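The values are calculated or read from the model by the stated rules, or taken from the named source; none is laboratory data. Bear in mind the structure is a predicted one, so any value in this text is a computation, not a measurement. Ideal geometry is used to build each Cβ from the backbone, glycine not excepted, and the neighbour counts take in all protein chains shown. All accessible areas refer to the heavy atoms of the entire protein, side chains included, with ligands and DNA or RNA removed. Shrake-Rupley method; radii C 1.70, N 1.55, O 1.52, S 1.80 Å.
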Amino acid sequence: AAESARFIAILKVRLSETFAQAYFLGVQSTAIVLLTSLFTGMVVSFESAQNAVNYGVSNLVGGAVAFTTSRELGPMLSAVVVAGRAGAAIAAELGSMVVTEQIEALESLGLSPVRILVVPRLVALIVMMPLLTILADIVAIVGGAYLAHTTAGIPYETFIQSIRTYSHFDEFIKGMIKAMVFAAIIVLVGCYQGLSTRGGAAGVGRATTGAVVISIILIFGSNFTLSLLLFR
């Protein structure tokens, strides 16, 4: 992490590789992130809409969906999904390079593996993760509005007005901050596990599993800490 920060601070970032990683880690993760967010938003809306109509507070449903999505579900679920896909891919790719001695070849040429391999992935995902979170928030809210309308008869105008009343723009911004922290966790853990691979093909498998498990645990832990710092 420290070495990556140093390279980024002095602007030694390989732009072509960064764009390639942004496409691989971010763009290609879009579909699974959107599907996860869509169904999550629909579930939250379904559970809250039924009870809200029964108690005569249907004007709270839109705000509840936007509130939970922007603060927690959008950034956290997106990060968990990306950790399962991109984190595993990073660890497997770098682990394979270690096993086949490609990392030693880079070092023998006087090149830093951190600058060549870690920094582009770190910059790419830190940029792409907030964008994925924005799309996840939008899809979750749209799905929630549709389900609230079809199952509980809540008008779209009431749903939208509830969002405007009970959710605030700064909550979405703080969700983007969470997403950037989660992105750094995913890349750094994946790269560390991959570059620490030992023991051939079996070691690559252990590194991949470890990257996903550790990333998800750290995402949940840091989510709690960030919630205390940002929303207290």
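Scanning segment 2-26 for residues that are open to solvent by 70 Å² or more (accessible area, probe 1.4 Å) and either closer than 16 Å to CYS191 by Cβ or touching a residue at least 24 places away in the same chain (Cβ under 8 Å) (or both) returns ALA2, GLU3, ARG6, LYS12, ARG14, PHE19. The set of residues in segment 75-108 being of a type in the set (Ser, Thr, Tyr) and within 20 Å of GLY175 (Cα to Cα) consists of SER78 alone.
In the set SER222, SER227, SER162, only one residue is under 30 Å from LEU11 (Cβ atoms), touching a helix residue (DSSP H, G or I) at 6+ places or on another chain (Cβ under 9 Å) and part of a helix (DSSP H, G or I); that residue is SER222. Restricting segment 162-189 to residues that are more than 13 Å from ALA79 (Cα to Cα) and small (Gly, Ala, Ser), the residue that is modelled with the highest pLDDT is SER162. Looking at LEU109, LEU132, can you tell me which residue is in contact (Cβ under 8 Å) with a residue 12 or more places away in the chain and of a type outside the set (Lys, Arg)? Exactly one residue qualifies, and that residue is LEU132.
Based on what the data block shows, is GLY203 open to solvent by less than 60 Å² (accessible area, probe 1.4 Å), in contact with a helix residue (DSSP H, G or I) (Cβ under 6 Å, 6 or more places away or on another chain), touching a residue at least 40 places away in the same chain (Cβ under 8 Å) and not hydrophobic (A, V, I, L, M, F, W, C)? Criteria not met by GLY203. Per the listing PHE169, PHE182, the residue uniquely among the hydrophobic types (A, V, I, L, M, F, W, C) and open to solvent by 70 Å² or more (accessible area, probe 1.4 Å) is PHE169.
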